[in-house]
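Contents: one structure, followed by commentary.
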Amino acid sequence: MTLRKYLVILSVVFFGSVGDAFLARGMKHTGAIDIHHLSNVFTALANPFVIVGIFFLLAFMSSYMTALSFADLTYVMPATAISYVVMVLLSIFWLHEHVSPQRWAGVAFIVIGVGVVAGGPSRTEHPAAQVPARGLKERA
Amino acid sequence: MRTYYTWLCIFTTVCTAAAGDVLVALAMRRIGDLGEIRRRHGFFAIILRVFSSGILFGGVFFMAIAFFSNLIGLSWADLSVVGPASAALTFVTNALGARFFLHENVDRRRWLATIFVCLGVLLLTWS
């Protein structure tokens, strides 16, 4: 793993958690969506916080795709799980939500899980013939 | 009742996000390292390869469903519940998807990490 690759992983964490926080703030402004009027979710797209959140999540998507181009999904997912901590911190300091000690313990378990997996190799090497999935004939 | 709908949203988010992640991972594996492609063929080659991948668009479609489901869930419950619950459960389903569909080497270390994440989710959501 080079410095560039670590920076890609960090940008996945940053854009993902900040984007989620913007979306959450926007949805608080929009209010609860009635189960019988789910199409009202599209009205949330006019909220500035939701719009900014979507831009952050687009940046997240491009860095996430870049990360998946050089590492396994089962490496990228846990390696970026530090975003749970960022999300809880944003919940406390920006959204003023209450986070109990039990939830903090949950975050700790998730982070330990990340630590366990992060020490392994980032990529499973496949012989070229094994890579294509059954029924999928597409060639990149 | 709202708790039931929240969990329905989390379940929908988890399933569609996992399908999206597995498809996007498959597409990016076939496309190859974007850094290498940019060095050898330039930035335009990345755009060309990414936008000509049907699997990638399939993955993005499922991710879009997950996005809207997550958005609805966030309007019913706190970010500190919906965010970690859906994301951590997606981690578990992704591990299964990666093992069986992408044939990744999900060894004992990665399964152990999955158990820790499951315990973390239980603590986060049942508090």
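FYI, it's all coordinate maths here, none of it is from the lab. Predicted model only: the values in this text are computed from it and were never measured. Because the Cβ atoms are built from the backbone with ideal geometry, glycine has one as well, and the counts that use them run over all protein chains shown.
One table, with the values for the structure above:
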| read-out | value |
| --- | --- |
| Zone residues, region A:88-105, relative to A:I112, backbone N less than 12 Å from point 7 Å out along Cα-to-Cβ | A:105 |
| Volume in Å³ per residue [convex hull over Cα atoms, computed for the protein assembly as shown] | 129 |
| Region A:39-93: C-alpha gyration tensor shape, a/c 1.5 cut-off, then a/b vs b/c | oblate |
| Per-residue [θ]222 nm for chain B (sum of -39500 (n - 2.57) over DSSP H runs n ≥ 4, rounded to 500) | -29500 deg cm²/dmol |
| GNM result for chain B, Cα springs below 10 Å: residue of B:S53, B:S75, B:S86 fluctuating most strongly | B:S75 |
| Gyration tensor (Cα) of region B:2-125, equivalent ellipsoid semi-axes in angstrom | 30, 19, 11 |
